[in-house]
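Please treat every number below as a calculation from the coordinates, not as lab data. Note that the structure is a prediction, hence the values are computed from the model and not measured. We place every Cβ from the backbone using ideal geometry, glycine too, and count neighbours over all the protein chains shown.
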Amino acid sequence: MRRIHILTLARLDRATQKVTIELHHQGLWDARLRNVPIILVPAGIAYGWQWYGGSGEICIPRVSLLKLHDFFTGNYMSLADVLRHEFGHAVADTHRGLFRSRHFTTAFDRSHESNDRSEYAPATHISRYAATNPSEDFAENFMHYIRCRGNLPSKHATPAIRRKWQFINALCRAIECGRTRW
Ligand SMILES: [Zn+2]
């Protein structure tokens, strides 16, 4: 059994470096994303959060109550996955023009800013949490996309999820080309 670690700055730095390289490979590591600070904070309920629409930084707590809870049920998120998910929010926050578009709405069925929860359906949602609202749906798909280097695993290869990954793929190409609008 793995020990519960209190997150250290060294571990956060290592995970950030790893995810940064993955983002770089996808063409996403532009000046806007480079400017998003990643901050280690003492404690929090969630695994991490990003101050969307505000100061913009990603905060990762040394001790997360949700992670402690999940640890005892045996399925907690890796630190790299937490960072991939939060970077998804940061990409949306720093590239608003590419998200306030029909491209997003077509892929995710509603606008990025909508707070509407969906009924969870495995054929539509890559995870249970993705049903929370469109911005979480995007961040969850983004996390898997970055981890899988854009190769959609066959168990998730449904028409609805494929549409979302096609959006993320087009988004990566647009950001790589320095576009701020479609
Ligand atoms: Zn989120």
- For region 1-112, the convex hull over Cα atoms projects on average to an area in nm² of 8.1 nm²
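With runs of 4+ DSSP H residues as the only contributors, calculate the mean residue ellipticity of the chain at 222 nm using -39,500 (n - 2.57) per run, divided by the residue total and rounded to the nearest 500.
Working: 8 runs with 89 residues, N = 182.
Dividing the helical sum by the residues of the chain leaves -15000 deg cm²/dmol.
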- Message: Suppose each label sits 7 Å from its Cα in the direction of the beta carbon; what would the Phe72-Tyr129 distance come out to in nanometres?
- Response: 2.0 nm
- For the Cα atoms of the chain, what angle does the longest principal axis make with the long axis of helix 134-147, in degrees from 0 to 90, nearest 10? 70 degrees
- Provide the FRET efficiency to the nearest 0.05 for the Ser114-Thr158 pair, computing r from the beta carbons and using R0 = 25 Å. 0.70
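What full-extension length gain, to one decimal in nm, is calculated for Leu9 and Asp30 as 0.36 nm per residue of separation minus the Cα-Cα distance?
On the way: separation 21, 0.36 × 21 = 7.56 nm, distance 2.38 nm.
That works out to 5.2 nm of additional length.
Within region 1-99, report the GluC sites (Glu not before Pro) that DSSP leaves as loop and that have at most 10 other Cβ atoms within 10 Å.
Values: sites: Glu22, Glu57, Glu86; in loops: Glu57.
Here no loop site has a sparse enough neighbourhood.
Can you give the net charge of the other residues whose Cβ lies under 10 Å from the Cβ of Leu83, counting K and R as +1 and D and E as -1?
Details: positive: Lys18, Arg84; negative: Glu22, Asp81, Glu86.
Cβ neighbours under 10 Å give a net charge of -1.
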- Note on the structure: Helix 79-94 sits off the longest principal axis of the Cα atoms of the chain, rounded to the nearest 10 on a 0 to 90 degree scale, by 40 degrees
- Task: On a 0 to 90° scale, report how tilted helix 9-25 is relative to the longest principal axis of the chain, with both axes built from alpha carbons and the result rounded to the nearest 10.
- Result: 20 degrees
- Message: At 0.36 nm per residue, and after removing the present C-alpha to C-alpha distance, how many nm does the segment from Tyr52 to Thr180 gain when stretched out fully?
- Response: 44.3 nm
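With +1 assigned to the C-beta of every Lys and Arg and -1 to the C-beta of every Asp and Glu, and no other charges, what is the dipole magnitude of region 9-176 about the Cα centre in debye, to the nearest 20? Let's see the in-between values first.
On the way: 21 positive and 16 negative charges, 74 e Å.
With only Lys, Arg, Asp and Glu charged at Cβ, the dipole is about 360 debye.
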- Going from the fewest other Cβ atoms within 10 Å to the most, one would list Ser154, Ser135 as Ser154, Ser135
